[in-house]
1. Out of TYR111, TYR150, I need the residue that is buried (at least 18 other Cβ atoms within 10 Å of the Cβ) and away from the ligand (no atom under 16 Å from the Cβ). Which one?
2. Would you be able to tell me the number of residues in segment 177-208 that are over 13 Å from ILE32 (Cβ atoms), part of a strand (DSSP E or B) and within 14 Å of the ligand (Cβ to nearest atom)?
3. ILE343: near the ligand (Cβ under 10 Å from one of its atoms), in contact (Cβ under 8 Å) with a residue 24 or more places away in the chain and either β-branched (Val, Ile, Thr) or surrounded by fewer than 21 Cβ atoms within 10 Å (Cβ to Cβ) (or both), yes or no?
4. Scan VAL186, VAL220, VAL236 and give me the residue that is among the β-branched types (Val, Ile, Thr) and within 21 Å of the chain's Cα centre (by Cα).
5. Is there a residue in segment 60-80 that is at pLDDT 95 or above, within 21 Å of GLU252 (Cα to Cα) and charged (D, E, K, R)?
6. For segment 86-94, does any single residue satisfy the condition of being out of contact with any Gly (no Cβ under 9 Å at 6 or more places or on another chain), closer than 30 Å to GLU283 by Cβ and acidic (Asp, Glu)?
7. I'm trying to understand the selection: among the residues of segment 42-62, which are under 13 Å from LEU331 (Cβ atoms), buried (at least 17 other Cβ atoms within 10 Å of the Cβ) and of a type in the set (S, T, N, Q)?
8. May I ask you to say which residue of VAL14, VAL40 is in a helix (DSSP H, G or I) and modelled with pLDDT under 95?
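The values are calculated or read from the model by the stated rules, or taken from the named source; none is laboratory data. Computed from a predicted structure; not experimentally measured. Every residue, glycine as well, gets a Cβ built from its backbone with ideal geometry; the counts of neighbours run over all protein chains shown.
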Amino acid sequence: MEKYDVAVLGAGIVGLTASYFSSDEGFKTVMIASEIPSDVSMNKSVGIITRQLTTKREILLATESINILFELLPNIYRVMYGRDFITIEDQKTAFQDFRFYRKTMYDVDIYYYGEVPEKFSSINISVNEAILHTKNDVMLDAKKAIENLYEVVSKKQGLDQIQKKALSLEREGNEYIIKLEDGQEVKAKNVILAMGAWNKYFLENNRIYLPVATYACIAVRFKIDGEIPVSGSDEVNYMYWMVEDDTVLAGEYYQSVPIIRPDRMDLVELENKDKSVKRSLLERFKSLKDLEFVEFIVGPCSVPLGKRPLFKEVMTNVFLIDGMAGYGFTLGPALAKEAVSMISQRMG
Ligand SMILES: Cc1cc2nc3c(=O)[nH]c(=O)nc-3n(C[C@H](O)[C@H](O)[C@H](O)COP(=O)(O)OP(=O)(O)OC[C@H]3O[C@@H](n4cnc5c(N)ncnc54)[C@H](O)[C@@H]3O)c2cc1C
């Protein structure tokens, strides 16, 4: 049986970055996942990484994730659509958020009605609303970013890959045995659980119950016939959007639906789910006349019941990264790095 210092289960944004940092530390590492790289992160994420978040810890994680992606992806500019992000809020909340962000970020501006700069003049806001603008966020093509990251990760020395489903985790002395679907077994001193919405179901076999709910998150792609000057979030209409070249990917926060299992996205009812997000976009952007539906993007989101992402040691030397809901690209790389540094401290 092959023995490793670190086994990473999952090869999405979290598994790939964890595998990178682990092998970079000189640990003999294995990345085990049903698909490598993950089909989930590749095709089912919008790719917004914004620091306009609710806690200081999350802002610092997002900042670190952006730094990590710049460090790891040599061709990041080829997979990036822009760095500007806006949030439209009612004036009072916008001012409170502005004051909070200014404590941590130096690139944040607030624009009140009548003071919106020319480049954003095609956005409709009312007298009671304001816009928050940050300029060093990242809008990515998630699929291409994961492909690029995989190229970098797969060149790492000391990293093995096994494309198999992991079935169980059992403790044996100071080590863990991971059983795979083909009967193969792998031994590791440390484990990083990076299986997104599947972590919960995997851990139930070990009688560990995670405080997360599984949702299907839905985004819609439309062809743009006018101008959407910037990517952003509309907190008044509970909507976000990311501008690509001649299309926009947009979703509504309340349209996520609870589901039983992450692998049954086919059961999600999509009829009319494009209608209200389309209406909100047409209301917000003056120069749009119509938006042509292109496709739905539906993927599993692991939503924390306590509203904060889960980063914890669920068994001795077994680190879980989960509950990032629609923020896996935003928080995942930084949490993966934290997990590897905890392992480094233990291993001396
Ligand atoms: C529509 C939509 C829009 C989104 N937009 C954004 C966004 O703009 N910004 C952002 O930051 N995030 C966004 N997200 C969230 C983001 O996509 C997820 O948070 C992220 O993909 C989670 O990454 P992960 O590495 O934790 O897990 P995943 O990408 O889910 O990867 C887990 C991998 O583990 C594998 N696996 C599962 N079970 C096993 C097993 N038993 N053995 C081995 N391997 C297994 C799976 O096959 C999967 O490939 C969005 C999500 C959706 C659905």
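1. Working: TYR150 fails: away from the ligand (no atom under 16 Å from the Cβ).
Answer to the check: TYR111.
2. Applying the first criterion (over 13 Å from ILE32 (Cβ atoms)) to segment 177-208 yields 183, 189-190, 196-197, 199-201, 203-208.
Among the residues that remain, those that are also part of a strand (DSSP E or B) are: 189-190.
Filter again for within 14 Å of the ligand (Cβ to nearest atom), leaving none.
Counting residues in segment 177-208 that are over 13 Å from ILE32 (Cβ atoms), part of a strand (DSSP E or B) and within 14 Å of the ligand (Cβ to nearest atom) gives 0.
3. Working: near the ligand (Cβ under 10 Å from one of its atoms): no; in contact (Cβ under 8 Å) with a residue 24 or more places away in the chain: yes; either β-branched (Val, Ile, Thr) or surrounded by fewer than 21 Cβ atoms within 10 Å (Cβ to Cβ) (or both): yes.
Judged against the criteria, ILE343 is not a match.
4. Values: VAL186 fails: within 21 Å of the chain's Cα centre (by Cα); VAL236 fails: within 21 Å of the chain's Cα centre (by Cα).
Only one candidate passes the filter, namely VAL220.
5. For segment 60-80, residues at pLDDT 95 or above, within 21 Å of GLU252 (Cα to Cα) and charged (D, E, K, R): absent.
6. Our first condition is that a residue be out of contact with any Gly (no Cβ under 9 Å at 6 or more places or on another chain); within segment 86-94, this holds for 89-94.
With the extra rule that they be closer than 30 Å to GLU283 by Cβ, the set shrinks to 89-94.
Adding the requirement that they be acidic (Asp, Glu) leaves 89-90.
Checking segment 86-94: at least one residue is out of contact with any Gly (no Cβ under 9 Å at 6 or more places or on another chain), closer than 30 Å to GLU283 by Cβ and acidic (Asp, Glu).
7. Residues satisfying the conditions are SER45, THR50.
8. On the way: VAL14 fails: modelled with pLDDT under 95.
One residue alone meets the criteria, VAL40.
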